[in-house]
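Q: Sharing a structure below in structure tokens format, with a few things to ask.
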Protein chains: 2
Amino acid sequence: MATTSVRRRQPASLELLGEGVLDMGGLDDKLGFRLRFAERRIFREIGDSFQAYGVSPLLYSILTLLSVNPGCRQAELGAALGVHQPNLVEKIDTLVSRGLALRTPDPDDRRANTLRLTDAGVEFLAELDRIDDEVIGRIIERVGQEDYATLIELLRKLA
Amino acid sequence: MATTSVRRRQPASLELLGEGVLDMGGLDDKLGFRLRFAERRIFREIGDSFQAYGVSPLLYSILTLLSVNPGCRQAELGAALGVHQPNLVEKIDTLVSRGLALRTPDPDDRRANTLRLTDAGVEFLAELDRIDDEVIGRIIERVGQEDYATLIELLRKLA
DNA sequence: TATTGTTATACTCTATAACTATA
DNA sequence: TATAGTTATAGAGTATAACAATA
């Protein structure tokens, strides 16, 4: 056990190290730590690709669900994504103000809104899907098709 | 303690649904989505258990590294954890103000501080470790020892 | 010049209480 | 009473620029 600190210089780009600087004390074998690192890595890859379009991973997932569930309500969207309603309002506002989605009062229940993509939204999502496919393709290339599928299966089992 | 009827005025715990409400349009087969769900689930389990101690998963990881690397610098800690230095300052402040860690000027380099746990910090971490073991034990029980190990291995490969 | 720690700032995601207008 | 959406607010975690002291 190290009684004095290991003198390592280099601050260096955070994303490249993570480990190798200090004794990780078993931390790097823990599920929480590995999940955090993996999520950051993947979200950075996807997020960087989406950044030019002003879209976060969450916004992309909202667009995806709206495209498959036209006319759904905000409450349903929030439940499906695991996002609290108050946090969804601003996201929908963004999509509406950018002309990508419509928020229409539900005639059957005047408390509710129904959501759907505009034509511009459909087109926009198609472009994002193309980019997402590229990114995922690179990831699969890196870890292999089989491990990729196993990983998704295990993550599903976990949560 | 929850035997009395708990009045649920709120959206009925988002964490239990996630899917099953809408057509997920393949979103639930995507790595980013699954990582987000899994990380939230695990961090909630760990975070809930730590909440009574006023400790977040990140703070726990800091305590762990300090215990194994006494005398390390803030820059080293940040690099090992993938946390930018400005974001680390407040965390260290917290630990110091709670009497769990010491921030001592490095006599060899007067720009730097060296960090180490106090006796109270060591004791505190031991208690947190005990709780963490319990939580991880439950998770392993849920997914099985083999899948748990595979998952960590694949996450490491991914990031 | 470069690095350590720091301040300030901002953005994303998440969380809860409380309001409104309906139901 | 309960629900759908909203407002306001708060807390994590993460990101960059810039500064003082030191190397």
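Throughout, read-outs are computed from the coordinates displayed, never taken from laboratory work. Everything numeric here is computed off the predicted structure, so don't read it as measured data. Methodologically, a virtual Cβ is constructed for each residue, glycine included, from the backbone with ideal geometry; neighbour enumeration extends over all protein chains shown.
Q: Would you report the distance distribution of C-alpha pairs in the protein assembly as shown as whole percents per 10 angstrom bin, up to the bin with the largest distance?
A: Bin by bin from 0 Å, the calculated values are 5, 22, 28, 24, 15, 5, 1, 0.
Q: Could you pull out the pairs from B:K91/B:K157; A:K30/B:K157; A:K91/B:K91 whose alpha carbons sit more than 22 Å apart here?
A: Details: B:K91/B:K157 29 Å; A:K30/B:K157 14 Å; A:K91/B:K91 30 Å.
Pairs exceeding the cut-off: B:K91/B:K157; A:K91/B:K91.
Q: Summarise the partner chain shielding of A:143-155 as one whole number: the mean count of Cβ atoms from other chains within 10 Å of each residue's Cβ. Before the final figure, lay out each step's value.
A: Values: counts 4, 2, 0, 0, 5, 3, 1, 5, 11, 9, 5, 11, 12.
For peptide A:143-155, the averaged partner shielding equals 5.
Q: So what's the convex hull volume per residue for the Cα atoms of region A:28-78, in Å³?
A: Spread over its residues, the Cα hull of region A:28-78 gives 96 Å³ apiece.
Q: Net charge within 14 Å of A:Y53 by Cβ-Cβ distance, Lys/Arg positive one each and Asp/Glu negative one each, not counting A:Y53 itself?
A: For residues surrounding A:Y53, the net value is -4.
Q: Output the 0 to 90 degree angle, nearest 10, between the alpha-carbon long axis of helix B:119-143 and the longest principal axis computed from the alpha carbons of chain B.
A: 20 degrees
Q: What number comes out for the charge environment of A:L102, summing +1 per Lys or Arg and -1 per Asp or Glu over other residues with Cβ under 15 Å away? Could you put the intermediate results ahead of the total?
A: Numbers: positive: A:R73, A:K91, A:R98, A:R103, A:R116; negative: A:D93, A:D106, A:D119, A:E123.
So the surrounding residues net to +1.
Q: Say a label goes 7 Å from Cα toward Cβ at A:P105 in every copy; what distances in nm does this one have to the rest, shortest first?
A: 6.8
Q: May I pose another question? Return one number: the angle in degrees, 0 to 90 and rounded to the nearest 10, between the long axis of the Cα atoms of helix B:85-97 and the longest principal axis of the Cα atoms of chain B.
A: Between the helix axis and the principal axis of chain B, the angle is about 80 degrees.
Q: May I ask for the angle, rounded to the nearest 10°, between helix B:31-51 and the longest principal axis of chain B, with both axes built from Cα atoms and the value confined to 0 to 90°?
A: Relative to chain B, helix B:31-51 is tipped by roughly 60 degrees.
Q: Ranking request for peptides B:128-141, A:50-63: highest mean number of other beta-carbon atoms within 10 Å first, then the rest in descending order. Don't jump to the answer; show the numbers that get you there.
A: Details: B:128-141: 14.1, A:50-63: 17.8.
In decreasing order of mean packing, B:128-141, A:50-63 become A:50-63, B:128-141.
Q: Taking the Cα centroid of region A:115-159 and of region B:17-61, what is the distance between the two, rounded to the nearest whole Å?
A: 18 Å
Q: How many Cβ atoms of partner chains, on average, are near each residue of B:45-52 if near means within 10 Å of its Cβ? Walk me through the numbers before you get to the answer.
A: Numbers: counts 2, 3, 1, 0, 0, 0, 0, 0.
Average neighbour count from other chains, rounded to a whole number: 1.
Q: Beyond 27 Å, what percent of the Cα pairs of chain A remain? Mind showing how you got there, number by number?
A: Values: 5297 of 12561 pairs.
It works out to 42 percent of all Cα pairs.
Q: While we're on this one: Distances from B:V89 to the same position in the other copies: list them in nm, one decimal, shortest first, using label points 7 Å from Cα along Cα→Cβ.
A: Ordered by increasing distance: 3.4 nm.
Q: Let me ask something else about it. Summing -39500 (n - 2.57) over the DSSP H runs of n ≥ 4 in chain A and dividing by its residue number, what mean residue ellipticity at 222 nm do you reach, to the nearest 500 deg cm²/dmol?
A: Details: 6 runs with 93 residues, N = 159.
Result for chain A: -19500 deg cm²/dmol, rounded to the nearest 500.
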